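This report refers to the structure that appears directly beneath it.
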């Protein structure tokens, strides 16, 4: 596998102060007057679509804060089979590990923009800004809840319930904004199948069924319009 080459830019105080992802990120825990301290240790990077920027099992020497784009998170079996465990979006913070190595791989689905923080440098910052450390702990708690929900999804839910859960979760907007009725799916049907533990054919049939039932509309393969959100949420919870 070819080594990834980040396109990097020097950072001053301005990138953090003007970052559109800050409100949805753990960086929001740092007061705007202190952002220059954070900016000094950040490396602004651009990752091309299809490039892996975190390799499972590599030493966890950096943290990554996504400021744009979408990445697939995955684990690999020894025979090369892949299980997608989630999708990372703007504001997500990656690289948390208590074992000294990355437990997941991360690959850009579309062009991904991120800030890379050397682990040792960020830990020094956390010593001075405990509010950011608390935000990281909350993020770790959220990841644990997401993992538990994924276990339920894979272990007990039907194909329709799984896809309804996926679409409902995607519609949840950040920053206390209303849920979205039109959502974008940058990932492929194969990615969705890997994440939901289904075949591509089953995912495609289930999309078609949801559209036929007028729960959703599909203007394009990358767009979903949720027409009956309450009923879709009920299906996700196993109530339909």
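Laboratory data are not the source of any read-out in this text; all were calculated from the coordinates shown. This one's a predicted model, so the numbers in the text were calculated from it and none came from an experiment. Every residue, glycine among them, receives a Cβ derived from its backbone with ideal geometry; neighbour counts consider all protein chains shown.
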222 nm [θ] for the chain, helices only, -39500 (n - 2.57) per DSSP H run of 4+, per residue, to 500?
-11000 deg cm²/dmol
Using only alpha carbon pairs under 8 Å that are at least six residues apart, calculate the relative contact order of the chain and give it in whole percent.
18
Return P(r) of the range 83-125 (all Cα-Cα pairs; 5 Å bins starting at 0; whole %; ordered from short to long distances).
5, 16, 27, 27, 18, 7, 1
For the range 76-119 and the range 140-158, compute the distance between their C-alpha centroids and round to whole Å.
17
What ranking do 92, 217, 79, 62 get, fewest neighbouring Cβ atoms within 10 angstrom at the top?
79, 217, 62, 92
Kindly put 114, 215, 137, 144 in sequence by how many other C-beta atoms sit within 10 Å of each C-beta, fewest to most.
144, 137, 215, 114
Computed over the chain: longest principal axis from alpha-carbon atoms vs helix 159-170 long axis, angle to nearest 10 degrees, is 40
For the range 90-168, fraction of C-alpha pairs farther apart than 20 Å, in %
50
For 134, 160, order by how many other beta-carbon atoms lie within 10 Å, fewest first
134, 160
For all pairs of alpha-carbon atoms in the range 158-236, what percent lies in each bin of width 10 Å, listed from the first bin to the last filled one?
19, 57, 22, 1
Cα long-axis angle, helix 119-128 against the chain (0 to 90 degrees, to the nearest 10)
80
Overall Cα dimensions of the range 7-153, principal axis frame, Å, largest first
48, 30, 25
At a Förster radius of 35 Å, what calculated FRET efficiency corresponds to the Cβ-Cβ distance of residue 99 and residue 40, to the nearest 0.05?
0.80
